[in-house]
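A short worksheet on the structure shown next.
The values are calculated or read from the model by the stated rules, or taken from the named source; none is laboratory data. Because the structure is predicted, anything quoted here is derived from the model rather than measured. Because the Cβ atoms are built from the backbone with ideal geometry, glycine has one as well, and the counts that use them run over all protein chains shown.
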Amino acid sequence: MDQLSELLASTVLIATPLIFILISELLIQKSGMINFGQNGAIVLSAVMAVVFYRLTENLMLTIFFCLLIGVFCGFLFALGNRYLFIPQLSLGFSIAIFGRSLAVFVGTQNEGLLNISINPIRIPLLEKIPLLGEVIFAQNFFVYLGFLAIIIFFVVIKKSRLGLYLKGLSESPHTLIERGIPVRRIQIIMLLLSGALSAFGGLLFTIMLDGGWRGSSITFGEIGWFVIILVFLGSWSTGRCFSFVYIYSLFVVIINGNYLDMSALPIQVIPLLPQLLIVLLLFVINIGNRDWFQSKVSNLQNAELEQWKKFILSLRSTAPSSLKNPMNREG
C-alpha cells in the first residue's frame with residue numbers, strides 16, 4: 001500500500017465511529033432538539049465495552065449491552081425534556097457529567113488492552129481497483145457498516161415519510177401538531193435511536209481504534225461536543241456534515257501519523273491542532289454569516305475572485321427554526 005492509499009484508508013477507518021455519532025446528532029437536531037448528554041453515552045459505552053467484553057468474551061453481546069446503555073441515556077433525556085420539560089442545556093450537561101464521571105470510576109479498574117482483533121474483509125476484484133480498492137474495499141466490517149449507514153440515512157431523510165416529518169419538526173413542529181402528527185412520540189424515538197448510535201460510536205473507538213481502555217478518554221472524550229460543532233459547520237446539510245467528518249478525520253491522521261514535520265512544535269500542542277482547525281472554521285463561517293461581509297463579497301466584480309465569492313457565500317449557515325425556539329408543548 002502506497003503512502004496516499006494508507007493515508008486515505010486510515011482516514012476512512014478513523015471517521016467510522018464519527019459517522020454513527022454524527023447520524024445520531026443529525027437525527028436529534030432535525031427533530032428539533034440538541035442533546036448535550038451525548039458525550040456521556042459515548043464515553044460510558046467506550047469503557048463499558050471493555051467490561052462487557054472481558055465478562056462475556058462475546059463481541060455481539062458486548063455491542064448489545066452498549067446499545068442498551070445508549071438507549072438508557074436517550075431515555076433519561078426523553079423523560080426529562082419531553083415529559084418534565086427540563087431545559088435541554090442543563091439536562092444534557094447533567095447526563096454528560098454523570099456518564100463521564102461513571103466512566104472514569106469504572107475505567108480506573110479496567111485499564112488495559114482487549115484481546116480482540118478485527119480483520120479486514122477484502123472484496124474480490126474490487127480491492128484491485130487503483131487507490132480506491134485499498135481505501136474502500138479492503139476495510140473491516142464496521143467500516144462497511146458505516147458506509148451502509150450513510151446510504152440508509154440519505155434515503156430516509158430524502159425519500160421517506162419519516163424524513164418529511166423530521167423536516168417539518170426542524171422548521172415548524174407546531175404545524176405537525178395541528179395536523180395530528182405525534183410529534184413527541186417521534187422525538188422520543190429519535191432520542192432512543194440516537195442514544196444507541198452514540199453508544200455504538202463510543203464502542204467502536206474502544207474496540208476498533210484504541211483496542212481497550214487506556215485510563216483516559218483523551219483521544220475521544222470530547223468528541224460528542226465536536227460532532228455538534230461539525231453539524232453547525234455543515235449548515236445542517238447532510239452531505240456537508242459527512243464531508244466535514246472525513247475532512248476532520250483526514251486532518252487527525254495527517255497530524256498524528258507523522259506525515260508532516262512538526263519537530264518545531266511542542267509535543268503537547270500537536271494533538272490540539274485538529275481542534276484548532278474547528279475553531280478557525282467556526283470563525284470563518286460566522287464571518288460569512290454577517291450581512292456586512294456578504295454585501296462586500298457580493299459586490300466583488302473581479303472575474304478571478306468569482307469562485308472564491310461563491311465559496312465564501314456557500315459557507316453561510318442557518319439553524320433550523322425549532323433549534324432557535326425549542327418547543328415546550330406536548331404533541
Of 227, 183, the only residue that is in contact (Cβ under 8 Å) with a residue 24 or more places away in the chain and in contact with a His (Cβ under 9 Å, 6 or more places away or on another chain) is 183
Residues of region 93-137 being part of a loop (DSSP other than H, G, I, E, B) and among the charged types (D, E, K, R), in sequence order, are 111, 122
If we keep only residues of region 132-141 that are touching a helix residue (DSSP H, G or I) at 6+ places or on another chain (Cβ under 6 Å) and either modelled with pLDDT of 95 or more or not charged (D, E, K, R) (or both), then the residue farthest from residue 54 (Cα to Cα) is 133
Checked region 55-92 for anything in a loop (DSSP other than H, G, I, E, B) and within 23 Å of the chain's Cα centre (by Cα); matches are 87
Subset of region 23-58, residues closer than 23 Å to residue 102 by Cβ and small (Gly, Ala, Ser), comes to 24, 37, 40, 41, 45, 46, 49
For residue 118, the lone unmet condition from (1) at positive phi; (2) out of contact with any Ser or Thr (no Cβ under 8 Å at 6 or more places or on another chain) is (1)
message = One residue is enough: does region 145-157 have a residue meeting the conditions under 23 Å from residue 275 (Cβ atoms) and either at pLDDT 95 or above or outside any helix (DSSP H, G or I) (or both)?
response = yes
Per the filter on region 178-204, residues small (Gly, Ala, Ser) and in contact with a helix residue (DSSP H, G or I) (Cβ under 6 Å, 6 or more places away or on another chain) are 194, 195, 196, 198, 199, 201, 202
Would you say residue 19 is buried (at least 24 other Cβ atoms within 10 Å of the Cβ), aliphatic (A, V, I, L, M) and within 19 Å of the chain's Cα centre (by Cα)? yes
Quiz item: Based on what the data block shows, is residue 27 in a helix (DSSP H, G or I) and either aromatic (Phe, Trp, Tyr) or over 23 Å from residue 239 (Cβ atoms) (or both)?
Solution: no
Residue pairs within 6 Å by beta carbon, gap of at least six or interchain, first lying in region 186-205 and among the basic types (Lys, Arg), second part of a helix (DSSP H, G or I) and surrounded by 23 or more Cβ atoms within 10 Å (Cβ to Cβ), listed first then second, are none
